[in-house]
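Any read-out appearing in this document is the output of simple, stated calculations on the displayed coordinates, not a laboratory observation. Every value quoted in this text rests on a predicted model; they were computed, and no experiment measured them. Glycine also receives a Cβ, built like all others from the backbone with ideal geometry; neighbour counts cover every protein chain displayed.
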Amino acid sequence: MPLGAAVDFAHEVVPILKKHCVECHGGEKSKGGFSMNTRALVLEADVLEPGHPDVSLLIEQLTAEDPDERMPPPGKKKAPLNTAEIDVLKRWIAADVPWEEGFTFAKDRYEPPLKPRKVKLPAGPAGANPIDLIVAEHFKGEKLDFPVPADDSTFLRRATIDLTGLPPSPGFAAKISQGKPLNRDKAVDRLLADKQGYAEHWMTFWNDLLRNDYGGTGFITGGRKQVTSWLYPALLNNKPFDEFVRELVAPTKESRGFIDGITWRGEVNASQTTQIQFSQNVSQVFLGINMKCASCHDSFIDRWTLREAYGLAAIYSETPLELERCDKPTGEMAKASWLFPELGQIDASKPRDERLKQLADLMTHPENGRMQRTIVNRLWAQMMGRGIVRPVDAMNTEPWSEDLLDLLANHLVSSGYDLKAVLRLIATSRIYQSRADVREDESEAYVFRGPVRKRMTAEQFLDTIRAVTGVWPKADGDAFKEKGASGGQLNKVMKAHDLKKWDDRPIRTAFGKRDSLQAALGRPNRDQVVTSRPDSVTTLEAINLANGPELAGMIRAGAEKLGNAVDPKNLVQSVFRASLSREPATEEMEISLSLLSAKPSTEDIEDFLWSVFMLPEFHYIN
Amino acid sequence: MNPDSWYNEALPEQTRRKFLRALGAGTAATFLGGAPRSMAADRKSKNPEATADSCILLWMAGGMAAPETFDPKAYMPYEVGTPVEKIISTFPAIDTAVDNIKICKGLENIAGVMDRATLIRSHFQQDLGSILHSRHQYHWHTGYVPPQTVAAPHIGAWMAKVLGGRNEVMPPFINIGQRLEGVGESEELKAFTTGGFFGSEFGSMNLPFPELASQAVKPPGGMSPDRFAKRYKTLEGLLKNSPKSDELSDYHQESMLRSLDNAHRLLGSKEREAFDLSKEKKEVFDEYNTGKFGQGCLLARRLVENGARFVEVTTEYVPFLNWDTHENGHTTADRMHKQIDRPIARLIKDLEERGMLDRTLVIIASEFSRDMLIEGIPGSTARDQSRAKTDVLKEMKHYGLHRHFTGGSSVVMFGGGTKKGFLYGSTADERPCLAVDNPVSIEDLHATIFTAMGISPKTEFDIESRPFYATKDGKGKSVSDVFA
């Protein structure tokens, strides 16, 4: 057929693309960074010039003589396109690449609801935790048994480390071992009432999310502001989450570090300007939306577009913002707008501070279920080891239980955006208090079976060791200064507690500098927003744990302190209680005592402590 | 102690069988039998056949001036009153073992082994506006311009991830000579000295002081072998008798045990001696020992001999020190020649003598070159960072190349399947000394290195649902001319 002949996109072109191309260059795949999902993406990729089939790379690649150069590639075991097919594509290009309006090769995806949704609870015993009703229904559907309860000591260690980042005091473990049953609801209330313990622990989570306590690039040139003076009191006083979000999005002087992002030195690509960082971080942290793709080109993996990414950026930008596609200016100017116009829209004509306030209102709009679901899912993941939606930053993924997610979101709202109320609901559920699921393989298809073991964060791990040994670090030189690597963090804590000077309260790891041991254990440098920590122990970490000077120093100081106190048997017992919240078994006691002679040396005690600290039972929150 | 004792004794039999099954026969055989561990890539493009098993990167941190090392131009001796625009090279050229290759005076030993080298004179870097060492080093080491929305892995981490270790004890990615604490821009250095999104399993083992390297793999300070063994025995005993042993088959816990065992095995292995420079003959040590860098070269040789996959040895980046010459360029380059000349030549000869050079790719490279007048490339808006600004030479500190030049630099490759005595590309003889002939970008240079190691430059992993490639967008093209 002559080149000028009409081409039928739907009936001629689509079948060819489907047969040969979109397996790798469509749907969620974009091999070589090339996706054919939409006409815009095809044109953007510069593989063809509309109207000129003779100079099109696409045709050239499809007809290459050398099979290594030809598409589809040899590994695909697909036949090269025949002449008739090539002819169709040539006509398609010659006709300026016609495309059917709205057509895409992108797959139908789960589209999460935006607005809150009422949950109809399954029937169950009166007074049951609603989480358990939903979970029980899930188990029924999956033909699984409800997991057996964890014993009191396992529960207490889990809840205490999850909520305060520290292990339970040995006294509790002793009481439990004497057979005194634990009132679990009361225990949870007591932990949540420990305002300081709660705030110090959750600093780590929020520092990661907000890129706070950051010492890297841009910091030395004032390109980064910390938010500790705002964040710590907010956690200490359990600031309602809607206010919390409002104050981060439309910030005060103290909380503005989050939206200001990091001003990098030198030139950066268009997807890393402070405006685009704003777009990426606000959407990731509060909405579980990955805007990193869309801030360079229309996303292949979800529905967000370049225009929407820039719309969000333009709310923050003080100057007119031109859209750049893959780092190249497009000539189109961004208009301040936000992602869910069904809840309202930004008035782009207003000054920046007004726009930010509007965004804060939209973000915390009572009908913005996306924001509510995103935070409760993060809390669930922190407590249960795995999100109802996973990954926690891809809230467009189908949850394993919509009802459970919505139940938690509704609870957040009905409690007055009280994060502790959500944590309480989770921690007092039977399912949180169940034995952890033993998973033998990471890759098996995930079906919720109960809590998943969590590896302690660097901060939890080191704080737990310090709680066991009773040796806390001295404040480093910068801690009380306004500048420096750990710049003034403790000043902010003192101020929040109205202290004139630091009393003898422990200095938690989160307030110290990230040293090489902490880096090895997964404390991030916060160049990027971090929403989950590594969950496995690597060989290099293991070497560090076996012989690194930082840990060895901590253990030595601990051994020296513990050494003067007690006889070996008591020592073993109290270390087991403090570390694992349980009594040593008879064999464990024997093995430990065979290392610790009647009068153990400091070295013996060090080795004993090390052996306990290296147990997976210690490293993991079981 | 039997290195396998952990698995043979410590775990209850049922648990052990369970997790061997979970791991699959291949993996189980690996850690029981001691076969080399190999981590398969998520998704692989067709990989080229490797011409090298190991790679040693000799990193000239801080910007090594090509006209002062491997790309001599018209020599201008020091003379008060000389206009600075006349100065390109401050060292005369000398002959090398290859007729058509001349390099700078001061590198006589390396000149003697140039017949084993491929010299690329047309490498160039992207101008990042503000010329910052750490950013350009990030770009060179990861192939990506910082900042990135995800943590980009170091090329050593790519090799660790895709190829794995060469044996079961030696960490695949080792980084020698760079302090990451207590030096300027240390956070920026850490940002690329990393496994990035591959996770810390593939990150570098850092040995900032070669002479102290043995400590990194020794039992902790002052611990006798007996005590070390006893301590481990206690751990094993506690594990074996734990009332919670039924939980050990959980994959996280199991992988932790495997890591502890790997660490223990290394700390008790014969390969550990590779880290100990005091085990080297004195005359050999002395020949290498021009300082930390020279010792690092010796350490690299020992590590590669014992199974390391990727080793980087750096002259160390410290702002305004070493190759980072913002003044006194000539004097400093002279000092740096002395540091690198003897150990590099000896390293090449040692590898050759041991029959390892053919399968070991050694690379000398730097984040950019230097020039007397130009910051970045001609027309760049980058700030002039010379600390010895002058129109004519008045004192010695003015003499040398004090500005960061990204338009053309030299890379030397030895072994690993590259041609011998081969010159590739060139820069202009007159300022600006831009790469004029066969320019090689960082992406293409990485593609060349990856190709030698048997990794397709298009190798990709899905990160946050996006493809991420060994070379940017999978587009790096190997410079096939450099391969024999």
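With the cut-off at under 17 Å, measuring from each backbone N in segment A:582-620 to a point 7 Å along the Cα-to-Cβ line of A:Lys569 picks out A:583-600. Each residue, B:Lys419 and A:Glu587, gets one label point 7 Å from its Cα in the Cβ direction; the gap between the two is 6.7 nm. Could you state the angle between the C-alpha long axis of helix A:369-384 and the longest principal axis of the C-alpha atoms of chain A, as a value from 0 to 90 degrees rounded to the nearest 10? The two axes meet at around 40 degrees. Between the listed residues A:Pro67, A:Leu17, A:Leu57, the Cα displaced farthest toward the positive end of the dipole of segment A:9-94, a dipole computed from Cβ unit charges relative to the Cα centre, is found at A:Leu17.
Can you give the relative contact order of chain A as a percent, counting alpha carbon pairs under 8 Å and 6+ residues apart? Reported as a whole number, the value is 15 percent.
Per-residue ellipticity at 222 nm computed for chain B from its helices equals -9000 deg cm²/dmol, with DSSP H segments shorter than 4 residues left out and the rest contributing -39,500 (n - 2.57). Computing FRET efficiency as 1/(1 + (r/R0)^6) for A:Asp347 and A:Val447, where r is the C-beta to C-beta distance and R0 is 56 Å, gives about 0.75.
Each DSSP beta bridge with both residues in chain B is either parallel or antiparallel, and the antiparallel ones are about 50%. DSSP beta bridges confined to the protein assembly as shown are antiparallel in about 55 percent of cases. Amide H to amide H distances under 5 Å link B:Leu423 with B:Leu119, where only residues 5 or more positions off or on other chains count and H is placed in the peptide plane. Calculate, for A:Asn237 and B:Glu353, the FRET efficiency according to 1/(1 + (r/R0)^6) with r their C-beta to C-beta distance and R0 45 Å; round to the nearest 0.05. For R0 = 45 Å, the calculated efficiency reads 0.05.
Couplings 3J(HN,Hα) of segment A:419-435, computed from phi: 4, 5, 5, 5, 4, 5, 4, 5, 5, 8, 7, 5, 6, 4, 8, 8, 5 Hz, in residue order, whole Hz [Karplus 6.51 cos²θ - 1.76 cosθ + 1.60, θ = phi - 60°; x for Gly and Pro]. Length gained on full extension, B:Arg179 to B:Lys279, computed as 0.36 nm times the residue gap minus the Cα-Cα distance: 33.6 nm. For segment A:316-329, the Karplus equation 6.51 cos²θ - 1.76 cosθ + 1.60, evaluated at θ = phi - 60°, returns couplings of 7, 5, 8, 10, x, 10, 8, 5, 10, 9, 6, 6, 10, x Hz by residue, with Gly and Pro reported as x. Taking the fewest neighbouring Cβ atoms within 10 Å as the starting point, the ordered list for B:Lys477, A:Lys239 is B:Lys477, A:Lys239.
Can you give me the Cα centroid spacing of segment A:232-264 and segment A:163-200 in angstrom? When both Cα centres are located, 30 Å separates them. Compute the Cα gyration tensor for the protein assembly as shown, then decide on rounded, prolate or oblate, letting a ≥ b ≥ c be the square roots of its eigenvalues: rounded whenever a/c is under 1.5, prolate when a/b is larger than b/c in the other cases, and oblate in all that remain. Since a/c reaches 1.5 but b/c is at least a/b, the shape of the protein assembly as shown is classed as oblate.
Model label points for A:Asp327 and B:Lys86, set 7 angstrom from Cα along the Cα-to-Cβ axis, are 4.1 nm apart.
Here segment A:9-94 is treated with +1 on each Lys and Arg Cβ and -1 on each Asp and Glu Cβ, and its dipole about the Cα centre works out to around 440 debye. Taking the Cα centre of chain B as reference, the dipole from Cβ charges on Lys and Arg (+1) and Asp and Glu (-1) amounts to some 1020 debye. The angle between the Cα long axis of helix A:458-469 and the longest principal axis of the Cα atoms of chain A comes to about 0 degrees, rounded to the nearest 10.
Show that you can apply the helix-only estimate: for chain A, add -39,500 (n - 2.57) for every DSSP H stretch of four or more residues, divide by all residues, and state [θ] at 222 nm to the nearest 500. Taken over chain A, the calculation gives -13000 deg cm²/dmol. Among the helices of chain B (complete DSSP H runs), which have Cα atoms covering no less than 18 Å along the helix axis and a Kyte-Doolittle mean of at least 0.0? Answer set is B:292-305. Each label point was placed 7 Å from the Cα along the Cα-to-Cβ direction; for A:Glu49 and B:Ser480 their separation is 2.7 nm. Subtracting the Cα-Cα distance of A:Lys107 and A:Lys120 from 0.36 nm times their residue separation leaves 1.6 nm of extension gain. If you fit an axis through the alpha-carbon atoms of helix A:352-363 and take the longest principal axis of the Cα set of chain A, what angle between them do you get, 0 to 90°, nearest 10? The answer is roughly 80 degrees.
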